[in-house]
Amino acid sequence: MHSIPAIALAAFLIVNGVAHFVRPDYVRRLVPSWLGRARLLVAAGGVALIIDSVLLLVPRSRAAGGWIAAVMILVFVVAHLDGLARAVTERPRRARGLASATAKVLLNFAYIGWAVAVATTA
């Protein structure tokens, strides 16, 4: 039963990793401008997500894959926090943009919880 959340997380990460290559322009827009090298970061992030998915699918490396996923998602929260900050400063009257940016940050913390749960039950 513990493998179902891990396999689901692996599938989620694979889809997101592939999206880095299928829709790179969309993903690049999420990279904070102050980080620079958006193309490199998007490609590296996509590769890392896919590699971590493999770790999650192998029972012996599942715990490590869960912890790595949690850390990666935490790093990705930086992009969503940057988006939230931009929504607050650039478009304070657009409630939809602010709500969307807030939801992305909160959702990523839920994903971190999911990854930690996989890591601790593996």
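The values are calculated or read from the model by the stated rules, or taken from the named source; none is laboratory data. Predicted model, so just to flag it, every value in this text is computed and none were measured. Cβ coordinates were reconstructed from backbone atoms using ideal geometry, including for glycine residues, and neighbour counts include every protein chain displayed. With ligands, DNA and RNA removed, areas are computed over all heavy atoms of the protein, side chains included. Shrake-Rupley method; radii C 1.70, N 1.55, O 1.52, S 1.80 Å.
The table that follows gives values for the structure above.
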{"read-out": "Answer from Val54, Val27, Val42 - the residue that is surrounded by 13 or more Cβ atoms within 10 Å (Cβ to Cβ), within 21 Å of Ala119 (Cα to Cα) and either among the β-branched types (Val, Ile, Thr) or over 11 Å from the mean Cα position of the chain (by Cα) (or both)", "value": "Val54"}
{"read-out": "Residue list for segment 68-78, restricted to those being touching a helix residue (DSSP H, G or I) at 6+ places or on another chain (Cβ under 7 Å), among the aliphatic types (A, V, I, L, M) and open to solvent by less than 80 Å² (accessible area, probe 1.4 Å)", "value": "Ile68, Ala69, Ala70, Met72, Ile73, Val77"}
{"read-out": "Yes/no for Gly65 being closer than 22 Å to Ala10 by Cβ, touching a Ser or Thr at 6+ places or on another chain (Cβ under 9 Å) and open to solvent by less than 30 Å² (accessible area, probe 1.4 Å)", "value": "yes"}
{"read-out": "Cβ pairs under 8 Å, 6+ apart, first in segment 95-120 and over 24 Å from Ala10 (Cα atoms), second open to solvent by 50 Å² or more (accessible area, probe 1.4 Å) and of a type outside the set (Val, Ile, Thr)", "value": "Gly97/Arg91; Leu98/Arg91; Leu98/Pro92; Ala101/Arg86"}
{"read-out": "Test: Ala87 is within 19 Å of Tyr26 (Cα to Cα) and crowded, with 17+ Cβ neighbours inside 10 Å", "value": "yes"}
{"read-out": "Residue in segment 42-60 that is in contact with an Asp or Glu (Cβ under 8 Å, 6 or more places away or on another chain), assigned to a helix (DSSP H, G or I) and in contact (Cβ under 8 Å) with a residue 24 or more places away in the chain present", "value": "no"}
